1. Only residues that are at pLDDT 90 or above and part of a helix (DSSP H, G or I): list them for the range A:78-119, please.
2. Looking at (1) open to solvent by 20 Å² or more (accessible area, probe 1.4 Å); (2) touching a residue at least 12 places away in the same chain (Cβ under 8 Å); (3) under 30 Å from B:Glu53 (Cα atoms), find the lone condition where A:Met224 falls short.
3. Can you tell me which of A:Arg238, A:Arg192 is among the basic types (Lys, Arg) and open to solvent by less than 20 Å² (accessible area, probe 1.4 Å)?
4. Looking only at the range A:171-189, count how many residues are among the hydroxyl-bearing types (Ser, Thr, Tyr) and open to solvent by 40 Å² or more (accessible area, probe 1.4 Å).
5. Quick one: would you say B:Arg232 is at the interface with chain A (Cβ under 8 Å from one of its Cβ atoms), exposed (fewer than 15 other Cβ atoms within 10 Å of the Cβ), of a type in the set (D, E, K, R) and more than 23 Å from the chain's Cα centre (by Cα)?
6. Against the condition within 14 Å of another protein chain (Cβ to nearest Cβ) and either over 27 Å from the mean Cα position of the chain (by Cα) or open to solvent by 30 Å² or more (accessible area, probe 1.4 Å) (or both), how does B:Ile39 come out, does it pass?
7. Only one of (1) farther than 27 Å from A:Ala183 by Cα; (2) in contact (Cβ under 8 Å) with a residue 24 or more places away in the chain; (3) open to solvent by less than 30 Å² (accessible area, probe 1.4 Å); (4) within 14 Å of chain B (Cβ to nearest Cβ) fails for A:Arg285. Which number is that?
8. Checking A:Val168 against (1) β-branched (Val, Ile, Thr); (2) modelled with pLDDT under 95; (3) open to solvent by less than 30 Å² (accessible area, probe 1.4 Å): exactly one of these is not met. Which one?
Amino acid sequence: MTELQVTSLSERAIAHSGLRRLLLLPLSMLLFISSACSQGGGEHPARKAMDSTLVITSLGDADYLNPVIGASVTSSNIFGLIYPSLLQSEFDTTTGLLNYMALDKQLRPPTSGHTTKTPKAALARTWRMAPDHRSITYTLRNDAYWDDGKPIVAGDVLFAYRLYGNPVIASPRQQYLAELEGAENGQVDFSRAVAAPDDTTLVFRFHKPVPEYLALFHTSLTPMPEHFWRNVKPDEFRNSPLNRKPLGAGPYRLKSWKPQQELVLESNHRSNLPKPGNIPQLSFRVVPDYTVRLAQLQTGAVDVVENIKPEDFRGLAGSKNPVDIKSVGLRVYDYVGWSNIDQDEYLKSGRAVPHPLFGSAAVRRALTFAMDRQSIIDGYLGRYGVPAVTDISPSLKWAFNEKIQPYPFDQQRALSILKAEGWVPGPDGILQKAGRRFSFALYTNAGNARRNYASVIIQQNLRSIGIECKLEVQESNVFFDNLQNRRLDAWMAGWSIGLEIDPMDVWGSDLEKSRFNFMGYRNPRVDRLSALAKEKMDPLDARPYWLEYQEILHRDQPVTFLYWIRETQGFSRRIEGEELNISGVFYNIDDWTLSPSRTLAP
Amino acid sequence: MLTYIFKRLLIAIPLIFGVLTLTFFIIRLAPGDPAAFFIQPGISPNVAMQIREQYGLNDPLPIQYVKWLGHVLQGDFGRSFSRAQQPVLEVIASALPITVTIALLTLIANFTFGILIGVISAVRQNSFIDRFLTVTALFFYSMPEFWFALMMIIIFALKFPLFPASGLNEVGAEGFGPIGFAMDRLWHLFLPVTVLSINGAAGIARYVRGSMLEVIRQDYIRTARAKGLPERLVIFRHALRNALLPVITLMGSSLPFIFSGALFIEVIFAFPGMGRVTVEAIFARDYPLIIANTFISGILIVFGNLVADVLYAVVDPRIKL
């Protein structure tokens with residue numbers, strides 16, 4: 001046998017044995033794993049756990065389980081289930097007004113005929129607004145207890161308000177204290193502003209007359225157990241380990257929390273506010289990647305995924321795990337922002353002179369005419385988008401101006417307006433005026449597929465009437481920083497609106513005070529209308545002012561309002577009893593049930 | 001050798017310190033700050049200001065640097081801005097074991113499969129199996145990890161639900177008992193480790209193949225065969241041992257790469273490891289956490305290179321440190 005033959009034979013043997021091992025290794029791993037999975041029969045503990053657990057995924061973890069400093073949406077969803085509340089609020093879909101309920105009283109009778117929210121979760125038995133609207137007095141129930149058995153008393157609310165108002169603690173909810181006595185001078189005077197003369201009486205005093213609905217909204221911040229938090233100094237408040245062990249009284253309580261992984265709440269059997277949650281356990285799982293969240297919803301590994309993108313609806317319809325898409329709205333809108341003033345000049349000298357491109361309302365109207373907003377809605381959002389006219393949502397029916405029709409897509413009209421404004425086609429086909437080309441960059445933040453889609457259509461629309469629009473995408477932090485520091489001339493962004501109308505932060509003429517008036521829009525009539533509306537003690541009396549306000553915004557087009565979005569949430573069909581609402585996805589979560597869980601003892 | 005290691009560690013101190021200083025200034029030059037989150041409608045305008053004051057971000061940059069330096073020299077890396085004021089070392093202490101587990105499993109899989117494929121390719125040079133393995137390895141080597149990860153999830157978690165798409169454990173895994181819990185953890189680690197190791201193994205396979213081809217042409221291999229040693233012994237004892245010399249040094253230097261690969265994998269598979277901590281810290285402008293992560297990465301790179309050099313000296317007696 002020659003050397004060559006030996007080599008080739010042995011090589012073959014080795015190669016075969018190597019190959020065998022190569023194939024065997026993953027096979028044995030698969031076997032090992034399938035043996036691990038094959039326990040997944042009817043009695044598998046994982047299945048049993050799933051039957052009594054509702055799994056909700058979120059993009060990020062909760063920050064503080066503390067209503068004073070918790071800032072993220074996930075946190076407030078979670079501490080909303082742990083802590084008690086002074087009042088219950090309900091969004092009346094017929095009128096678009098928020099209703100407030102105490103155990104024995106409600107602000108106004110529900111117009112839709114039935115309430116879905118039970119007032120049993122409210123700590124307040126009733127309230128009394130002073131005739132001069134300068135104070136409100138609550139009477140609290142005496143049968144509510146913290147989880148450690150101590151009664152919930154008026155002093156707990158007073159204690160909490162001192163925390164909310166403490167600048168060292170830096171609560172994001174300080175705004176709620178703006179009408180309390182002393183706040184007009186920059187610091188709430190707690191010796192006069194909030195009083196708890198006995199365990200069931202609570203008094204708030206204001207420095208000006210406050211409408212009842214606003215007083216209820218601003219005085220119903222979550223109470224905190226004083227006996228539990230008393231010894232924590234304000235400068236240690238954010239670092240306190242108690243933030244990770246909340247003491248509440250609501251339908252759920254914290255069972256475990258693995259940061260950035262999973263937070264588990266268990267039904268609180270002691271709760272009478274309103275009752276222990278129906279589902280034994282709620283698991284909030286952090287899954288940063290959207291595709292993975294979607295895949296898990298499809299396989300049934302999770303039950304609720306928020307903000308499903310319209311392009312995935314079809315895929316979800318055919319998934320193995322039956323899924324429902326539920327939508328709420330309309331609270332979020334996208335817009336194209338135009339710099340109404342020359343930002344460079346404003347930064348340099350503080351003078352507000354019109355922007356060379358977008359300074360004229362007629363030009364801004366022409367830009368709106370030039371954009372095919374309906375095709376963005378049809379192409380991306382479908383029936384989950386509604387054309388936007390101003391920043392008052394059609395859901396706030398009591399204030400919404402139905403007479404205003406959105407500007408149609410009419411490029412001829414856009415061109416004639418621009419021509420009248422002196423913009424005529426230049427040699428390169430781009431409009432020109434006094435030697436200046438109509439060319440600008442439209443900025444938007446990275447990672448938003450909807451805005452990317454819209455911006456491309458807008459670019460094409462504008463190009464076809466001779467306007468050059470360059471698209472620039474920036475990381476969100478950078479984008480927001482540039483916006484705030486007035487470095488952008490045109491941008492695409494969006495807002496999520498509050499359920500009470502308060503537009504001065506965005507449209508107020510005082511550009512130093514109006515933090516979000518990135519456009520530099522100034523109209524004294526808008527300021528005046530907003531002030532007049534706030535003076536009315538009944539929101540319905542303010543309706544005429546808001547109608548005029550919308551007409552002005554529609555005429556001036558300080559921004560081009562694009563569309564309102566119905567936020568779409570994916571729900572596993574094993575959930576029953578869910579009622580989605582504009583005020584939140586987990587609006588009545590304590591009433592939800594899981595279909596298999598009814599057959600299993602919790 | 002001990003003197004050499006000691007010297008290298010001494011040199012590493014100013015190196016890591018320099019990297020940290022650079023990171024400190026670079027990250028602060030980036031637009032946006034941790035308080036930006038509080039600048040939104042409905043939130044009091046004072047909050048961002050108060051938060052900046054508390055975080056010490058209102059001081060001039062050189063003063064912030066001196067303060068930071070003072071704390072770091074005492075071993076205090078501060079508290080995370082974005083994670084509810086948790087001490088950053090605590091954040092890292094909970095994230096590091098997860099990443100180390102993934103990295104070690106990946107390292108083992110990388111080298112096991114890489115060496116195996118490389119040896120087969122070399123021994124069967126230019127055969128069909130060699131070409132097949134070479135093309136396959138190249139295919140996986142050139143595939144972006146995040147894309148591959150998503151494909152694996154779509155195939156093995158969605159279409160054929162064999163593995164979970166994310167997370168470290170199943171809902172209620174605490175009730176499975178210690179063995180059940182460990183099995184569940186392994187089951188969850190299968191896809192991410194596969195994604196991470198396929199790419200790495202492909203690279204190592206190419207490396208082993210080249211090294212092996214060089215070695216089996218050497219005179220001493222011919223001698224070994226001539227004296228009648230079984231081919232298995234020739235390949236595995238004589239050839240592979242020498243062919244692995246340069247490969248072993250890869251082990252140390254691939255550690256930091258596995259960590260950086262874990263960055264995507266942890267975000268996609270929702271593992272609360274170092275990769276995700278880093279990504280989230282950067283987006284949230286969580287300065288203390290970013291610096292602490294840089295510190296850990298710096299140490300890993302220095303340590304990885306040191307391990308590579310030491311391993312080289314250990315396996316090849318001709319090299320003196």
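1. A:Ile78, A:Phe79, A:Gly80, A:Leu81, A:Ile82
2. A:Met224 satisfies all of (1) open to solvent by 20 Å² or more (accessible area, probe 1.4 Å); (2) touching a residue at least 12 places away in the same chain (Cβ under 8 Å); (3) under 30 Å from B:Glu53 (Cα atoms) except (1).
3. Answer to the selection: A:Arg238.
4. Number of matching residues: 1.
5. Judged against the criteria, B:Arg232 is a match.
6. When the stated conditions are applied, B:Ile39 passes them.
7. (3)
8. (3)
The values are calculated or read from the model by the stated rules, or taken from the named source; none is laboratory data. From a predicted model like this one, the values you see are computed outputs, not experimental measurements. Cβ: placed from backbone, ideal geometry, glycine included. Neighbour counts: every protein chain shown. Remember, those area values only see protein heavy atoms, side chains included, never the ligands or the DNA or RNA. Shrake-Rupley method; radii C 1.70, N 1.55, O 1.52, S 1.80 Å.
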